[in-house]
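The values are calculated or read from the model by the stated rules, or taken from the named source; none is laboratory data. The structure displayed is predicted, hence computed values, not measured ones. Using ideal geometry, Cβ is built from the backbone for each residue, glycine included, and neighbour counts are taken over all protein chains shown.
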């Protein structure tokens, strides 16, 4: 049981380049999330998808776009990468958006923008 | 002021010690309280979850919530080197439009032999 799978695990980008982080879950969860984790800042929500076909902005959406391709997959795109987007990105999923639903995280994607 | 405050540590203890990890929060609307453990270069994994004031035990771990003081704690008994990780508190409120989860910055714990 893979849970939440993210690719790539490591990536170095030049400023202005674009890339897409891929995420897939095999738990039949309805809701999916993208977080970034920075030292001293904790985990911050970038975008989430409460259910297939919907996406909404989180706390720090600027510079990112997302696509909920189907129930399993939720991708995060950086159109023009900036050094401020150097971070660790985590995809996560939960059964739903109801109160108390446990959120399960992937292993993380380390992104460096130079 | 952050909605959730957590001492970043690092906290170093000898094997077998009792560890106390704490968070404070400011929003009384928070209803659900979680502790995640994150090993180096891994994603966070859920350790404990509770929604009421009081204590909840799971093996060597006890989660404590004091809603009147807006204070939550995680106690680890008989700590082991394998407990060395970063511990994140996470607090959720039901906003009607969805579950808003706010994380603390994490406390780094090292349990030494």
Checked region B:73-103 for anything more than 11 Å from every other protein chain (Cβ to nearest Cβ) and at pLDDT below 95; matches are B:91
Restricting to region B:40-72, name every residue that is within 14 Å of chain A (Cβ to nearest Cβ) and more than 14 Å from the chain's Cα centre (by Cα). B:40, B:41, B:42, B:43, B:52
Going through region B:1-23 in order, the residues found to be at negative phi, within 14 Å of another protein chain (Cβ to nearest Cβ) and in contact with a strand residue (DSSP E or B) (Cβ under 8 Å, 6 or more places away or on another chain) are B:3, B:4, B:5, B:6, B:7, B:8, B:10, B:23
Mind listing whichever residues of region A:21-62 are exposed (fewer than 14 other Cβ atoms within 10 Å of the Cβ) and outside any loop (DSSP other than H, G, I, E, B)? A:57
Go through region A:4-20 and report how many residues are within 14 Å of chain B (Cβ to nearest Cβ) and either surrounded by 17 or more Cβ atoms within 10 Å (Cβ to Cβ) or touching a helix residue (DSSP H, G or I) at 6+ places or on another chain (Cβ under 6 Å) (or both). 2
Can you name every residue in region A:83-114 that is in contact with a strand residue (DSSP E or B) (Cβ under 6 Å, 6 or more places away or on another chain), more than 14 Å from chain B (Cβ to nearest Cβ) and surrounded by fewer than 17 Cβ atoms within 10 Å (Cβ to Cβ)? A:83, A:86, A:112
